[in-house]
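Okay, structure first, notes after.
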Amino acid sequence: MTTTTTAVLVPLLPFLGALAGLLLGRRAPGFVRPLAILPTLAAAALAVVVAVAQGGGAGAGKAPVDAATRLTPTGSVPIDLALHIDGFAALVAVLVAVVACCVQIYSTGYLRDDPRYPSYAALVSLFTAAMLLVVYSGDLMVLLVGWEIMGICSYFLVGHYWETEAARSASLKAFLVTKLGDVPFLFGIFALAADAGTFRITGILKTVAVGGLDHPTLIALLLLAGVAGKSAQFPLHTWLPDAMAGPTPVSALIHAATMVAAGVYFVARLLPVFAASAAAMVVLAAMAAVTMVGSGLAALAQDDIKRVLAYSTVGQLGYMTGALAVGDRGAAVFHLLSHGAFKALLFLAAGVVIHAAGTNSLAAMSRMRGLAGRIPDAYWTMTVALLALAAIPPFAGFFSKEAVLGAAEHASTGHATASGTLTAVPTAAGWTVLLAGLITAFLTAGYATRLWLLAFHGKGPETAPDHGKQPIVMNAVLWVLFVPTLALGLATPVLPDWFDGRSLTPTLTTSVLGTGVALVGALVTYGAWRHTTALAARVPLGAVAVAPDAAPADSEESAIATHAAAYGDNAGAPDPADPGRLLLGPLHRPAAVGFHLDAVYTALFVRPVRAGARLVRFLDREVVDAYVNGAGTASRWLGAAVRRAQTGNVQTYLGALLAGSLVLAVAVVLVATGTGA
Amino acid sequence: MTLAAASHGFLSPTGVEIAFLLVGLVTLGAAVVTVITRQLVHAALWLVVTLGGIAVEYLLLTAEFIAWVQVLIYVGSVVVLLLFGLMLTKAPIGRSPDADSGNRWAALTVAVASAAALVWVVTDAFRTTWIDLDGAVQGSTEASGRSLFQYWVLPFEALSVLLLAALVGAIVLSRRNGDPEHTGGRKPAGGRRPVGDRAPAADRPRSGGPARTREDRG
Amino acid sequence: MHLAYPAVLAVLLFCVGLYGVLARRNAILVLMSVELMLNAVNLNLVAFDVWLRDKLHAGQALTLFTIAVAAAEIGIGLAIVLLVYRNRGSSDVDRLRDLAERPDGTDPNDDLTGGPDAAGRPRPDHQAEAAA
C-alpha cells in the first residue's frame, strides 16, 4: 500500500463509519460502539503509518507527498482532489486521530445510557473525517468542504443536550459566529485563487514565492476573519465559552484539541501568504495579544469549570496565532500538538470531576471535602495537565510555550524571517507577542492554580457525594493522554526535522522569564486562596445533583441546565471565597461576562438584524400578505355576492336566462345588420 | 310577392285584415287579463276567451280544421283540466293579492324588451309580405286529413304513443306511492270503505280514498 | 292579408305568456301562460303555412302535433303540480326553494311542511271534493 492510498484511507474510514453509524444506529444498536471506535482507531493507526512513512518534513529535507486527481474542471480555476502531506500534516493528523480515538472510547462510558448516542457517535466520526480531510487536503476548496462539515458537526454536537435552553442557544451562536467568519474566508479563498490561478496549496505557495500576489493584505485579512471565527480569536471568540454547553467529550475533541486548531493549522500552511503582508502580520499579532490577555482575565473569573478551560483554550490558541504572527509556524504547530494533548486531557478529566462532584460549579466544589480522593486518576492526570498548561518544566506545555516565546523574542530583535520565506517579521509584532505572552503566562498559571485549588482542595462541611467508581474506559483514556502531556517535551530536538528546521529548544532568557512569571502567578493565586478560603465555610453555596447510577452525561446535563438558576448566571457565581475575585478586583464582573463583548454584539449586530427581521416580517405580513389575502377576500366577497343570486326561485333564474338570451339575440341582429350594411 | 306588395297598400286594409285586427285585439286583451288578473278562476276563463280568439284567427287564415281542433282540445279539455287543477290545489276563489310574485317588474321588463325586439325584427322582416288568401283553401278538413294521413302518418302514430305515455305518466304521478292499501287494487280494508268516507280516513296514516276520487274524475 | 298582422300578434301573445311565466306565483297560472306561448307559436305556424302554400302542409300538421303535445304536457304538468301540492301544501313556484343555500343550514320548507299532523296542513283532497 503506497503512502497515498494509506493517506486517502485515513479520512475515508471515519467517514464510512459515520455513514454506517447513521444508517444502522437505530436498527442494530449493538454495532454502534464498534462502528464508532474501530474506524477511528484504524484511522489513527494509518495516520501513524503515514507519519512514519513520511519520516520527516522540510526540516529533514523530505519532500512532501503530493497527489492529485482532477475533481471538477470548472472552466476557470480547477478543483482538485489533492493530498499535500508534509511534516505538519502528518503530525497534526496523528494528533487528531489519537484524540478522536480517546474521545470515542471515553464517550462509550460517558454517554452510556444516552438514547441519542448512535447519532452522537456518528457525528463525532464525521467530524473526525472532516478534520482529517482539512489536515491532508492540498486543495483549498476541498479543505473548505471539510472546514464547513466541521462547523455543522460542531453545531449538532454542541446542541446535543437540546432539551436545555443554554445548549440550544449555544449551538446556534457557535454556528452563526463561525459562519460570520466563514463568509469573508470564502471570499479570501476566491481572491487568493484568482491571484494565484489555482486552488492547490503548492501552486499558491509557488506563486507567493515569486511575489505573484496582487492583493496580499486584502487576502490575508479576509482569510484571517475565517481563522478568527474557527479558532475563536478576538473578536469572534465569544462562541467558544458558550459552546461548553455541549457534552464534555465534544468539548475535548472539537473545542479544545482539533477544530479550533484548524484555523491555526490553516495559517501555518499558508504562512507565506500572510507573511507577504506586514499589515496582516501586525493585525495577527494584535489579535493574538488581545485574545491571550483577555481570555486569561476572563478565565480567572469563570465559575463553570469547563468555561475556565474554554477561556484557557482561547488563550492557548492566542499563543499559537502569536507564534504565527512572528513567523514561526514550527512553534505554533508544536504548541498545537502539545496543547491538543493536555487540553483534551484536561477536558476529559473535567468530565470525570463534574460527574463525581455532581456540579460544574467551582464554587460548589470548593465547599466539598475529599473530591480528590474519590477520583485519584482524574486528580493526578489533571494536576499534571494543569502544570503543563501553566508551562512549568518539564512538562509538554513548557517546551511548546517556550518555543513560542523564543520565536517572539527572536522577532522582537528584528532578525526573524517568516518560515518558508525571506520576509522579515515586523519588530512590533515580536514585541507585542512577547509582552502579551509573558502576561498571559502569569494569568495562565493563576487560573490553573485557582482551578486546581478550588476543584480538589475544597474546604467545607460536606464531603463529595459518592457516585461510585468512574467507568474504567474514562480513566484509561486519561492515562493514555497523560503520556504526551508528560513527555512530549522530549520530542523537542526531533520536531524541527518535521517542521521548517528552525530550532524549538527553549532559550535561557525566555525560559527564566516565562517560568518565573508563571511561578509568581501560581504563588499569588495560592496566597489569595489562603486568604479567601476561610470564607468558603461561612458562605454556603451551590447545588449538587446526586445520582449515583446516572450516566456521567446526565449529571453534566442537569448541571448545565441548573447553573443559571442556581447561581444567577451561566458564567460566574456570587462566591466571596473565590480567589479570582480578590485578584481581579473591580475587573471581576466584566471578566466573568467576557468583557461585555456579547452585549456589544447585541447592540451592533443582533439588534439591527432583529429590527431588519421585524421589518421584513412587517413587509411580509402586512404588505405582501395583504395582496395574497386580498385575492382570497375579494374572491370570497365576489362569491358571497354571486351566492345572493342563488335564491332557489326558478322564475328568477328563468328571467335572467331570458334577459341574457335577449341581449345576445339583439347583439347578433345588430352585428348582422351592421355587417350587412 | 313583390307583385302582391305592389297591388296592396300598407294602409288600405281589406275586410279580412280588419276582422283579423279586431279579433286579434280582443285575443291580446284577453291574454293580458289572463296573466294579470288576481282571481285565479277568472284567469282560466279569460284563457278560454284567448284560445277562442286564436281559433277565430285560424278560421280567418283559412285553417278551419286547426280551428276546430283548437276549440275541441284547448277550450274543451285543457282549460277544464286547468280548472280542475286550480280546484284540487285549493286555489282561493275571489281576489288573491299575492297572485304575482315579487319579481313582477323584472318579468315585465324582460317581456316588454322581448316584445320590442321581436316586433321590431318581425315588422322589419315582413314589411312587404302579403298572404294570398284568395287561392285554394289551405286548411280545410279534407286537405289537412289528406296531408296528415299521406305524409305525416308516422309522426302521427308516434304522437299517439306519446299521448299514451303521458296518460300513464299522469296516473303514476298522481298515485300515492308506498300506500299498501292502495297499491294492488282495492282488496284490503281500505277498499271496503265507501269512497269519500272521510271519518275513518283520519286514523289512517295517509288517506287513499280522495286520491282515487281525483283519478276517477281526471 | 299582410303577414305582419299574424306575426306581430303571435309575438305579443308570446311575450304576454312570457310575462305570465316569469311573474305568476301559482304553478297552474304558470302552466296557463305556457299555453299562451304555445298558442302564439301555433299561430305563427299556421300563418306561415298559409303564406308559403306548403304542399305537405307541414305547418298545420306541426300545429296539430303541438296541440296534442300541449295536451299531454298539461296532463303531466298538472299531475306534478298536484303531487307538489300534496307534499308541500303549496303550489307557489317561488316557495319551492330547496335548491337554494341557507346560511344557517335549515330546511327552507320547514315552515311549509311542519309535520304530518300540523294544524296548518292543507287538505287538498277535501277541497277538491268540495269544489267538485
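The values are calculated or read from the model by the stated rules, or taken from the named source; none is laboratory data. Because the structure is a prediction, the values reported are computed rather than measured. Glycine gets a Cβ as well: all are built from the backbone with ideal geometry, and neighbour counts include every protein chain shown. Protein only, heavy atoms only, side chains kept; ligands, DNA and RNA dropped before computing areas. Shrake-Rupley method; radii C 1.70, N 1.55, O 1.52, S 1.80 Å.
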Efficiency by 1/(1 + (r/R0)^6): what FRET value for A:ARG607 and A:VAL520, r their Cβ-Cβ distance, R0 = 35 Å, to the nearest 0.05? 0.25
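Determine the shape class of the stretch A:3-531: with a ≥ b ≥ c the square roots of the Cα gyration tensor eigenvalues, call it rounded for a/c under 1.5, and otherwise prolate if a/b is greater than b/c, oblate otherwise. Mind showing how you got there, number by number?
Numbers: a/c = 1.72, a/b = 1.19, b/c = 1.44.
Since a/c reaches 1.5 but b/c is at least a/b, the shape of the stretch A:3-531 is classed as oblate.
Report, to the nearest whole %, how much of the accessible area of the protein assembly as shown belongs to carbon and sulfur atoms, 1.4 Å probe, protein only.
Working: 29200 of 42370 Å².
On the protein assembly as shown, the fraction of accessible area on carbon and sulfur atoms equals 69 percent.
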Leaving out ligands, DNA and RNA but keeping every protein chain, what accessible area does A:LEU638 have, in Å² rounded to the nearest 10, with a 1.4 Å probe? 110
Can you give me the Kirkwood hydrodynamic radius for the protein assembly as shown, using every pair of distinct Cα atoms, in Å to one decimal? 37.7
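For every other residue with a beta carbon closer than 14 angstrom to the beta carbon of B:ALA67, add +1 if it is Lys or Arg and -1 if Asp or Glu, then tell me the sum.
Working: positive: none; negative: B:GLU57, B:GLU64, C:ASP49.
Net of charged neighbours comes to -3.
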Burial-style ranking of A:137-143, C:78-84, A:663-669, average other-beta-carbon count within 10 Å with highest first, yields A:137-143, C:78-84, A:663-669
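What is the calculated FRET efficiency for A:GLU165 to A:LEU657, with r their C-beta to C-beta distance and R₀ = 45 Å, to the nearest 0.05?
On the way: r = 68 Å, r/R0 = 1.51.
Between A:GLU165 and A:LEU657 the formula returns 0.10.
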Between B:THR109 and A:ALA641, what FRET efficiency comes out of the Förster formula 1/(1 + (r/R0)^6) with R0 = 25 Å and r the beta carbon distance, rounded to 0.05? 0.75
With a 1.4 Å probe and all protein chains in place, put A:ARG617, A:ARG644 in order of accessible area, largest first. A:ARG644, A:ARG617
What does the accessible area of A:ASP242 come to, in Å² to the nearest 10, when a probe of 1.4 Å is used? 40
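Of the listed pairs A:LYS179/A:LYS306; A:LYS173/A:LYS343; A:LYS343/A:LYS459; A:LYS401/A:LYS459, which have alpha-carbon separations greater than 31 Å here?
Numbers: A:LYS179/A:LYS306 24 Å; A:LYS173/A:LYS343 23 Å; A:LYS343/A:LYS459 27 Å; A:LYS401/A:LYS459 33 Å.
A:LYS401/A:LYS459, as the Cα separations exceed 31 Å there.
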Contact surface B-C: accessible area buried, both sides summed, square angstrom, 1.4 angstrom probe: 8100
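Other chains' Cβ within 10 Å of A:634-647 residues: what's the mean? Could you put the intermediate results ahead of the total?
Values: counts 0, 0, 0, 0, 0, 0, 1, 0, 0, 3, 0, 0, 4, 7.
Partner-chain Cβ atoms within 10 Å, mean over residues of A:634-647: 1.
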Rounded if a/c is under 1.5, else prolate if a/b is larger than b/c, else oblate: which is the stretch A:423-511, with a ≥ b ≥ c the root eigenvalues of its Cα gyration tensor? oblate
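Average partner chain C-beta neighbours within 10 Å, per residue of B:132-141?
If you average over the peptide's residues, the count of other-chain Cβ atoms is 3.
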Can you list the lysines whose alpha carbon is less than 24 Å from that of A:LYS62, not counting same-chain residues fewer than 8 positions off? A:LYS206
Per DSSP H run of at least 4 residues, take -39500 (n - 2.57); add these up for chain A, divide by its residues and hand me the 222 nm value, nearest 500 deg cm²/dmol. -23000 deg cm²/dmol
Gyration tensor verdict on the stretch A:231-310 (Cα atoms; rounded if a/c is under 1.5, prolate if a/b is larger than b/c, oblate otherwise): oblate
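May I ask for the net charge around A:THR321, where only other residues with Cβ less than 12 Å from the Cβ of A:THR321 are counted and Lys, Arg are +1 while Asp, Glu are -1? Mind dumping the intermediate values first?
Values: positive: A:LYS230, A:ARG329; negative: A:ASP328.
Net charge in that neighbourhood comes out at +1.
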Full extension between A:LYS62 and A:ALA487 adds, at 0.36 nm per residue less the Cα distance, a length in nm of 150.5 nm
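What does the highest-first list of A:243-249, A:654-660 look like by mean Cβ count within 10 Å?
Numbers: A:243-249: 29.9, A:654-660: 16.0.
Per-residue mean Cβ counts within 10 Å order the peptides as A:243-249, A:654-660.
Before I look further, what does the stretch B:1-137 give for accessible area per residue, probe 1.4 Å, in whole square angstrom?
Each residue of the stretch B:1-137 exposes 49 Å² on average to a 1.4 Å probe.
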Hey, can you list the residues from the stretch C:1-18 whose accessible area shrinks by 40 Å² or more with all protein chains present, relative to the chain by itself (probe 1.4 Å, no ligands or nucleic acids)? C:MET1, C:HIS2, C:LEU3, C:TYR5, C:VAL8, C:LEU9, C:VAL11, C:LEU12, C:LEU13, C:CYS15, C:VAL16, C:LEU18
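Largest first, what is the accessible-area ranking of B:SER114, A:SER76 with a 1.4 Å probe?
On the way: B:SER114 10, A:SER76 95 Å².
Largest accessible area first, the residues go A:SER76, B:SER114.
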What accessible surface, in Å², does a 1.4 Å probe find on A:LEU451, ignoring ligands, DNA and RNA and rounding to the nearest 10? 0
For A:THR633 and B:VAL153, extending 7 Å from Cα along the Cα-Cβ vector and measuring point to point gives, in nm, a value of 7.5
Mean-position separation - Cα centroids, the stretch A:633-651 and the stretch A:191-228, in angstrom: 71
How many nm separate the modelled label positions at A:VAL650 and A:HIS531, each set 7 Å beyond the Cα in the direction of the Cβ? 10.7
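From other protein chains only, count the Cβ atoms within 10 Å of every residue's Cβ in C:50-56, then give the mean.
5
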Rounded to the nearest 100 Å², the accessible area hidden between A and C, summed over both chains at a 1.4 Å probe radius, is 900
Take the alpha-carbon centre of the stretch A:130-164, take the same for the stretch A:322-370, and report the distance between them in whole Å. 21
